[in-house]
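This report concerns only the one structure given below.
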Amino acid sequence: MVSRLWLNVCVVGGLLAVACSGPQSALNPAGEDATEIATLFWWMSGGAALIWLLMMALTFYSVFGPRLAQAHRVGHWLIVGGGVVLPVVVLVPLLAIGLAPLSRAGAHRSDGAITIDVSGEQWWWRVRYHTPAQRAVDVANEIRLPVGVRVDLRLTSDNVIHAFWIPSLAGKIDMIPGRTTELSLRPTRVGRFRGVCAEYCGTAHALMAFDVEVLGRDEFDRWLDRQAAPAAEPVEVSERRGRERFDANGCGACHSIRGTSSRGGVGPDLTHVGGRFSLAAGTQPNSREALASFIAHAGAHKPGAEMPSFAMLPAEEIADMAAYLRGLE
Ligand code: CUA
């Protein structure tokens, strides 16, 4: 009996410990703002634990303590102490600790050097960088940030409410149609992280994630320069065939590939899709096979997506298009 209890404690404790790490953990912060939130969490948890322990102690005392504890006069002091003094002593400091990060969050200001517009789509992320060197660079489903630099994000949506959340870096904030909400964040260490949509927004809500990478400043600048450049020319024969099929099937009506005639703005920008960490908003590996499967069965991979499935095309044609897109690094 006792050993089974310990087994359960170990399993639950292990799961909790695992939940505290990884690329998507608010308790393993990699940003100034996430660190404040994690600190607040531990203070609040400590306060809650303290109150719980005191209440349990009082409960045991009242049940098993001397009869005197149940006398009217002692009851009076328990109410004053446990009902007035204790909550004031515990809750007032917790309130102060809770309000402090809120006021600091409003005071966080960047120098405005890097602004990123992010729009919640159904169900992916439209991302546009603005820097003094690069006026507007379109990316999708991926955000890379320079370490140690405060960056402003302007968030919006033209469909339903989504919520933008990179747990390792900062708090979450809603993306509201017809409005622009703002989030400022400052990563404190390099690494790969994961962002998610944190508000139920429809059929593929759970398939709406994105990759985040925090880089050294120089590496970030080089990455952004590469993203700003037009798409690479196809090299292999299959890639060249793929580009022809991409154009012939009208994919450019929805997708943009800078440097080509594809200028569509409905779906994600594909100029450098081959260099991204993943496909389909953080849900598929970035490989030729996954690209081909998504082209053929978009609706199966992302139910409700606006992209039609192209399973009626010959498999070789789809494979060529996948080769072309994978080559766009
Ligand atoms: Cu977008 Cu949930």
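The values are calculated or read from the model by the stated rules, or taken from the named source; none is laboratory data. Predicted model, so just to flag it, every value in this text is computed and none were measured. Cβ: placed from backbone, ideal geometry, glycine included. Neighbour counts: every protein chain shown. Surface accessibility is based on the protein's heavy atoms, side chains included, excluding ligands, DNA and RNA. Shrake-Rupley method; radii C 1.70, N 1.55, O 1.52, S 1.80 Å.
The angle separating the long axis of helix 237-248 from the principal Cα axis of greatest extent in the chain is about 90 degrees.
Calculated FRET efficiency, ILE173 to VAL85, Cβ-Cβ distance, R0 = 45 Å: about 0.75 to the nearest 0.05. Distance between the modelled labels on THR59 and THR203, one decimal in nanometres: 4.8 nm (7 Å Cα→Cβ projection). When peptides 223-236, 187-200 are ranked by their average number of other Cβ atoms within 10 Å per residue, the highest-first order is 187-200, 223-236. For the chain, the spread of Cα coordinates along the three principal axes comes to 91, 52, 35 Å, biggest extent given first. What the Cα convex hull of the range 278-326 gives, in volume per residue, is 64 Å³. Computed extension gain for ALA248 through GLU306, at 0.36 nm per residue and net of the alpha carbon distance, reaches 18.9 nm.
The antiparallel fraction among DSSP beta bridges confined to the chain stands at about 70%.
When ranked by the protection proxy of mean other Cβ atoms within 10 Å per residue, highest first, what sequence do the peptides 201-214, 248-261 form? Don't skip to the end; give the middle numbers.
On the way: 201-214: 19.6, 248-261: 15.7.
Result, highest mean Cβ count within 10 Å first: 201-214, 248-261.
Database remark: amide H of TRP125 closer than 5 angstrom to the amide H of ASN141 (H placed geometrically; neighbours at sequence offset of 5 or more, or on other chains; Pro and chain starts carry no H). Decide, for the range 165-261, between rounded, prolate and oblate: order the square roots of the alpha carbon gyration tensor eigenvalues as a ≥ b ≥ c, take rounded if a/c falls under 1.5, and otherwise choose prolate if a/b is larger than b/c, else oblate. Because a/c hits 1.5 or more and a/b fails to exceed b/c, the range 165-261 counts as oblate.
With helices as the sole contributors, the chain gives -13000 deg cm²/dmol at 222 nm; each DSSP H run of n ≥ 4 counts as -39500 (n - 2.57), and the sum is divided by every residue.
Quote the convex hull volume per residue of the range 212-329, based on C-alpha atoms, as a whole number of Å³. Show your work: numbers first, answer last.
On the way: hull volume 12.1 nm³, N = 118.
Per residue, the Cα convex hull of the range 212-329 comes to 102 Å³.
How high is the relative contact order of the chain, in percent, counting Cα pairs under 8 Å that sit 6 or more residues apart?
Numbers: 593 pairs, mean separation 50.5, N = 329.
After rounding, I find 15 percent.
Could you tell me how many degrees, from 0 to 90 and to the nearest 10, lie between the Cα long axis of helix 2-19 and the main elongation axis, the longest principal axis, of the Cα atoms of the chain? With both axes taken from Cα atoms, the answer is about 50 degrees.
What do you get for Rg/Rh of the range 105-149 when both radii come from the Cα atoms and Rh is the Kirkwood radius?
On the way: Rg = 11.9 Å, Rh = 11.8 Å.
Over the Cα atoms of the range 105-149, Rg/Rh equals 1.01.
Between the helical axis of 32-64 and the longest alpha-carbon principal axis of the chain there is an angle of about 30 degrees. Averaged over its residues, the chain has an accessible area of 53 Å² per residue, based on protein heavy atoms and a 1.4 Å probe.
Can you give the Rg to Rh ratio of the range 109-178, both from alpha-carbon atoms, with Rh computed by the Kirkwood formula?
Numbers: Rg = 12.1 Å, Rh = 12.7 Å.
Looking at the range 109-178, the ratio lands at 0.95.
Taking label positions 7 Å along the Cα-Cβ direction at both ARG154 and THR180, the computed distance is 0.2 nm, reported to one decimal.
Counted by Cβ distance under 13 Å from ARG263, the other residues give a net charge of -2, where Lys and Arg count +1 and Asp and Glu count -1. Here the Karplus relation 6.51 cos²θ - 1.76 cosθ + 1.60, evaluated at θ = phi - 60°, turns the backbone of the range 123-140 into coupling constants of 10, 7, 10, 8, 10, 9, 8, 10, 9, x, 7, 10, 6, 7, 10, 8, 9, 8 Hz, with x for every Gly and Pro.
The H on the amide N of ARG144, modeled in the peptide plane, is under 5 Å from the matching H of GLU213, each at least 5 residues off or on a different chain. For the range 240-308, the relative contact order works out to 16 percent when only alpha carbon pairs closer than 8 Å and six or more residues apart are counted.
Look at where the Cα atoms of the range 72-101 and of the range 273-329 average out, and the two centres are 58 Å apart.
Calculate what fraction, in whole %, of the accessible area of the range 133-225 sits on carbon and sulfur atoms when a 1.4 Å probe is rolled over the protein chains. Ligands and nucleic acids excluded, carbon and sulfur give 46 percent.
Placing a label point 7 Å from the Cα of ARG109 along the Cα-to-Cβ line, the residues of the range 168-186 whose backbone N sits under 15 Å from it are 184. If you take the Cα centroid of the range 19-46 and the Cα centroid of the range 187-234, the two points sit 21 Å apart.
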